[in-house]
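Visitor: First the structure, which I've put down as structure tokens, then a few questions once you've had a look.
The values are calculated or read from the model by the stated rules, or taken from the named source; none is laboratory data. In this text the structure is predicted, and so the values were computed from the model without any measurement. Please note: Cβ atoms are built from the backbone with ideal geometry, for glycine as well, and neighbour counts cover all protein chains shown.
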């Protein structure tokens, strides 16, 4: 049961009210792989890095069951770099620097060894790059999940709409759902977006949980109330990794199992925010994951007697 992950592997520099991270490893594909590898292996990674990307990081991913045949290393070039500063509420942030570097002309190549993957997740990249990945798959995966952002809605909407017709699950946050649909009500927004192609829509609401839409069904998963959120960077990608990791492990892509997958994703995201970068999700144990998922179950469990 193979899972292919397409996304960025990068350097981040983050400042939050709790401190500064210095230069650390980030990128959507990095977070997704660390989260998903707790549930399914191998993970087929597709990305691009510069010569400056630490070998120790690649070795750590390999040890976790992540195949790197699809990771291009550009000689003499630098990896993608992003730095940002979070406000006190941790929901808003300012980008201080974005250096595309190797990402500027990234053309992903899907190795022969990755063909036949049953599950594919397209991290937040240009719609053209996402489309080129879909075009390279000789067999359509059973489930294609895609992430995108407001920037692509502004500069590449036509391409984005073409990709949407070819995926099964779209993940966006509430602001992006409103922008894409032109509707303020998330229920109306979801209805419009599902007409654009995806069978399922996940709207992430940060500390307020996540919504799953399918046909005329809606499921809501809360976020774990935590003592402190240290760094929200990568939480959405970690959520996506837990979500697709569970689906790939169980091989069940029904709406009912997607509900469980959303809880698993939320549990993984709740670990991610406890420390800077990937630090917490790299060290999390199977036992801790099981306990956190059980906490989520208790969070929404209630008995009711209708008189």
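Visitor: Provide a single number: the residues in the range 241-257 that are buried (at least 24 other Cβ atoms within 10 Å of the Cβ) and either in contact with a strand residue (DSSP E or B) (Cβ under 6 Å, 6 or more places away or on another chain) or over 20 Å from residue 198 (Cβ atoms) (or both).
Guide: The qualifying residues number 2.
Visitor: Of the conditions (1) surrounded by fewer than 21 Cβ atoms within 10 Å (Cβ to Cβ); (2) part of a loop (DSSP other than H, G, I, E, B); (3) in contact (Cβ under 8 Å) with a residue 12 or more places away in the chain, residue 24 fails just one. Which one is it?
Guide: With (1) surrounded by fewer than 21 Cβ atoms within 10 Å (Cβ to Cβ); (2) part of a loop (DSSP other than H, G, I, E, B); (3) in contact (Cβ under 8 Å) with a residue 12 or more places away in the chain applied to residue 24, the lone miss is (2).
Visitor: Does residue 49 qualify as being in a strand (DSSP E or B), modelled with pLDDT of 95 or more, in contact with a strand residue (DSSP E or B) (Cβ under 6 Å, 6 or more places away or on another chain) and within 25 Å of residue 207 (Cα to Cα)?
Guide: No.
Visitor: How do the strands (runs of 3 or more DSSP E) wholly within the range 92-179 filter down when requiring 2 or more residues that are in contact (Cβ under 8 Å) with a residue 12 or more places away in the chain, within 30 Å of residue 230 (Cβ to Cβ) and in contact with a helix residue (DSSP H, G or I) (Cβ under 9 Å, 6 or more places away or on another chain): which remain?
Guide: Once the strands (runs of 3 or more DSSP E) in the range 92-179 are filtered for at least 2 residues that are in contact (Cβ under 8 Å) with a residue 12 or more places away in the chain, within 30 Å of residue 230 (Cβ to Cβ) and in contact with a helix residue (DSSP H, G or I) (Cβ under 9 Å, 6 or more places away or on another chain), what remains is 119-122, 143-147, 169-173.
Visitor: Of the numbered conditions (1) crowded, with 24+ Cβ neighbours inside 10 Å; (2) in contact with a helix residue (DSSP H, G or I) (Cβ under 7 Å, 6 or more places away or on another chain); (3) touching a residue at least 40 places away in the same chain (Cβ under 8 Å), residue 231 fails exactly one; give the number of that condition.
Guide: Evaluating residue 231 over (1) crowded, with 24+ Cβ neighbours inside 10 Å; (2) in contact with a helix residue (DSSP H, G or I) (Cβ under 7 Å, 6 or more places away or on another chain); (3) touching a residue at least 40 places away in the same chain (Cβ under 8 Å) leaves (2) as the failure.
Visitor: Next question, about the same structure. Could you identify the single residue in 102, 109, 145 that is over 24 Å from residue 258 (Cα atoms) and surrounded by 18 or more Cβ atoms within 10 Å (Cβ to Cβ)?
Guide: Just a single option satisfies the conditions, and that option is 102.
Visitor: Among the residues of the range 116-126, which ones are farther than 19 Å from residue 25 by Cα and in contact with a strand residue (DSSP E or B) (Cβ under 9 Å, 6 or more places away or on another chain)?
Guide: Within the range 116-126, 117, 118, 119, 120, 121, 122 meet the criteria.
Visitor: Do we have residue 157 as more than 19 Å from the chain's Cα centre (by Cα), under 23 Å from residue 279 (Cα atoms) and surrounded by fewer than 18 Cβ atoms within 10 Å (Cβ to Cβ) here?
Guide: no
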